[in-house]
Amino acid sequence: MADTDDRNSNKGLFEIQAVAEDLPSDFETLRREALAEGHGFIEKLAADWISRTNRFDREGEALIAANVNGEFAGIGGLTIDPAIPLTLRMRRFYVRPPHRRSGIGRHLAMTLIGMARRSGRPVTVNAATGSIQFWESLGFKPDARAGHTHTLRWNDAFNFLKRDNGPVLSIDEINEITAQSWAGER
């Protein structure tokens with residue numbers, strides 16, 4: 001998906017792409033930045049990817065990357081939740097510091113939420129303290145158990161899916177985001 005985002009401080013073209021064979025070319029930069037901020041989950045992503053323990057390639061799973069003007073800006077994934085049957089989990093979300101508060105994280109999350117909605121399964125996330133408001137703005141509700149902090153359930157999600165405190169996203173809008181994001185990517 002290629003789009004422009006006027007809120008992006010980098011004022012440029014951004015894309016969201018599926019990660020399938022190799023991690024993005026500038027992954028090591030993101031990895032160093034995340035580690036410097038104390039986020040070990042990117043190390044876990046790298047280790048699992050290299051060992052082929054988790055390639056986000058089971059039914060319903062995906063790993064996606066965001067680029068701004070060709071620069072790797074962020075990453076996020078969706079996996080089968082290991083603790084709760086028939087549930088998906090958002091994982092390994094990280095947006096590089098220069099690209100935060102630009103809509104990149106929301107685009108990553110909304111792309112994966114659109115995919116997850118097709119399955120009808122609930123989605124969990126283990127939200128870090130600094131990201132709780134972000135996940136709640138996407139419709140996730142506090143639900144601390146089984147290794148996660150929040151859950152998104154489809155029967156009440158659309159009352160909470162908001163874009164910039166604007167109108168509620170419709171099912172059609174989410175489908176459109178998903179279709180644009182995944183057209184020709186897999």
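The values are calculated or read from the model by the stated rules, or taken from the named source; none is laboratory data. Note that this is a predicted model, so its numbers are computed, not measured. Because the Cβ atoms are built from the backbone with ideal geometry, glycine has one as well, and the counts that use them run over all protein chains shown.
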Do the conditions hold for G139, that is, is it touching a Leu at 6+ places or on another chain (Cβ under 7 Å), crowded, with 17+ Cβ neighbours inside 10 Å and outside any loop (DSSP other than H, G, I, E, B)?
-> no
Scanning the stretch 120-132 residue by residue, those touching a Leu at 6+ places or on another chain (Cβ under 7 Å) and either of a type outside the set (A, V, I, L, M) or modelled with pLDDT under 90 (or both) turn out to be R121, P122
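Could you go through the stretch 63-84 and let me know if any residue there is in a loop (DSSP other than H, G, I, E, B) and under 21 Å from I16 (Cα atoms).
Here is the first cut: in the stretch 63-84, the residues in a loop (DSSP other than H, G, I, E, B) are 69-70, 81-84.
Keeping just the survivors that are under 21 Å from I16 (Cα atoms) gives 69-70.
Yes: one or more hits.
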Within the stretch 53-71, the count of residues that are surrounded by fewer than 14 Cβ atoms within 10 Å (Cβ to Cβ) and out of contact with any Gly (no Cβ under 6 Å at 6 or more places or on another chain) comes to 5
task = Could you tell me whether R100 is more than 20 Å from H39 (Cβ to Cβ), out of contact with any Pro (no Cβ under 8 Å at 6 or more places or on another chain), surrounded by fewer than 21 Cβ atoms within 10 Å (Cβ to Cβ) and without any contact (Cβ under 8 Å) to a residue 40 or more places away in the chain?
result = no
Residues in the stretch 82-105 that are charged (D, E, K, R) and at pLDDT below 95 total 2
With criteria (1) in a helix (DSSP H, G or I); (2) over 21 Å from A128 (Cα atoms); (3) under 14 Å from the mean Cα position of the chain (by Cα), W49 comes up short on (3)
Checked against (1) part of a loop (DSSP other than H, G, I, E, B); (2) buried (at least 16 other Cβ atoms within 10 Å of the Cβ); (3) at positive phi; (4) of a type outside the set (F, W, Y), R92 satisfies every condition except (1)
From the option list D156, D172, D164, single residue qualifying as at positive phi and either of a type in the set (D, E, K, R) or at pLDDT 95 or above (or both) is D164
The condition from (1) closer than 30 Å to R153 by Cβ; (2) at pLDDT below 95; (3) of a type outside the set (S, T, N, Q) that I64 misses is numbered (2)
Notebook entry, point to check: Does at least one position in the stretch 23-32 carry a residue that is of a type outside the set (A, V, I, L, M, F, W, C), crowded, with 16+ Cβ neighbours inside 10 Å and in a helix (DSSP H, G or I)?
Noted result: yes
- Query: In the stretch 37-46, is there at least one residue being touching a helix residue (DSSP H, G or I) at 6+ places or on another chain (Cβ under 6 Å) and either touching a residue at least 24 places away in the same chain (Cβ under 8 Å) or crowded, with 19+ Cβ neighbours inside 10 Å (or both)?
  - Reply: yes
